[in-house]
1. If the requirement is being among the aliphatic types (A, V, I, L, M), farther than 15 Å from residue 259 by Cβ, assigned by TED's automatic domain parsing to the domain that holds residue 151 and at pLDDT 95 or above, which of these qualifies: 217, 227, 174, 185?
2. I need the full set of residues from region 26-40 which are in contact with a helix residue (DSSP H, G or I) (Cβ under 9 Å, 6 or more places away or on another chain) and not charged (D, E, K, R), in order please.
3. Checking the conditions here, which among 281, 277, 245 is surrounded by 13 or more Cβ atoms within 10 Å (Cβ to Cβ) and part of a helix (DSSP H, G or I)?
4. Could you check, for region 191-203, whether at least one of its residues is outside any helix (DSSP H, G or I) and of a type in the set (Ser, Thr, Tyr)?
5. Kindly indicate whether residue 208 is outside any loop (DSSP other than H, G, I, E, B) and closer than 25 Å to residue 128 by Cβ.
6. Please work out if residue 114 is more than 30 Å from residue 71 (Cβ to Cβ), surrounded by fewer than 24 Cβ atoms within 10 Å (Cβ to Cβ) and either touching a residue at least 12 places away in the same chain (Cβ under 8 Å) or touching a Pro at 6+ places or on another chain (Cβ under 6 Å) (or both).
7. Just checking, which of 232, 278, 250 is of a type in the set (A, V, I, L, M, F, W, C), within 16 Å of residue 173 (Cβ to Cβ) and assigned by TED's automatic domain parsing to the domain that holds residue 172?
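The values are calculated or read from the model by the stated rules, or taken from the named source; none is laboratory data. These figures come from a predicted structure and were not determined experimentally. In this analysis, Cβ positions are derived from the backbone assuming ideal geometry, glycine residues included, and neighbour counts consider all displayed protein chains.
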Amino acid sequence: MEQAPGGRSEARGSVPTCYRHPDRETGVRCTRCERPICPECMVDASVGFQCPDCVRAASGTGHAPQASRPRTVAGGTVTADPRLLTKILIGINIAVFIAVQADKSLLEHLVLYGAWPPKPAMPTSGVAGGEWYRLVTSMFTHQEYWHIGFNMLSLWWIGGPLEAALGRSRYLTLYFISGLAGGALTYLLASPAEASLGASGAIFGLFGATAVLMRRLNYDMRPVIALLVVNLIITFGWASIAWQAHIGGLVAGVIVGYAMVHAPRERRALVQYGTCALVLAVIVVMTLVRTAQLA
């Protein structure tokens, strides 16, 4: 064994690991000190990426150290707990699940469905009946143990690293837009009396954004593609799954994720949040069109 720069031990010929997170392999190095850095530690620079230590020290920037703040690859702020929002989202899902288990009648107030009663009667409940909140509440609602277990494991594995790479505000925006897109497509295409629930639409959006991020960082795409293919096979092979939510979330996640990690630095916020606004506008239009059809 030899001591690598920054005090990290690295075996000869092995894949480099992040100097701050030795359990994470990476092929990216800081452009200033050349220490290996993982997505969580990457700070977007004018050329390549820098590590948080070099940014804090303002190496060669001409600014005082306190004037520089570490930034993620998408321009977000590097935080002490990069998984905080992921933990909160998981906590909300679990809390809602416990409440539903305690009182099954809550389901009818939280799940997503288009309209009830069906035509020719005027809908009095469902999204067409004015209950637009169902597009949000259904994202945090689960009924079966296997359903919430699978979704929360996926959220932890995929969401945590993505939150670290994007930053909190961008990550939360991606999550909600993906979930809303999945709900809107389900509302548009599914039977109006068919109920759907679960965080799968938002999680598929995280899958899509993760694929875009890995492509941006020139990582091996095969693991995430294989995982996505398996999930798509399950999506279309299991009759009880709302495939519309998965596809809607995935498409929104790819579009928003691409804007997040490929936006030019000088117009980063405009491109990122402008793209989010456009996707959200499409979601609103789909919802309005379907509401007009059912009402």
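1. 185
2. Answer for region 26-40, where residues must be in contact with a helix residue (DSSP H, G or I) (Cβ under 9 Å, 6 or more places away or on another chain) and not charged (D, E, K, R): 26, 28, 30, 31, 33, 37, 38, 39.
3. Checking each option against the conditions leaves just 245.
4. yes
5. Judged against the criteria, residue 208 is not a match.
6. It is false that residue 114 is more than 30 Å from residue 71 (Cβ to Cβ), surrounded by fewer than 24 Cβ atoms within 10 Å (Cβ to Cβ) and either touching a residue at least 12 places away in the same chain (Cβ under 8 Å) or touching a Pro at 6+ places or on another chain (Cβ under 6 Å) (or both).
7. Every option except 278 fails the conditions.
Matching residues to (1) closer than 27 Å to residue 118 by Cα; (2) surrounded by fewer than 17 Cβ atoms within 10 Å (Cβ to Cβ):
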{"residue": "181", "(1), (2)": "yes, no"}
{"residue": "200", "(1), (2)": "yes, no"}
{"residue": "212", "(1), (2)": "no, no"}
{"residue": "219", "(1), (2)": "no, no"}
{"residue": "222", "(1), (2)": "no, yes"}
{"residue": "229", "(1), (2)": "no, yes"}
{"residue": "233", "(1), (2)": "no, yes"}
{"residue": "258", "(1), (2)": "no, no"}
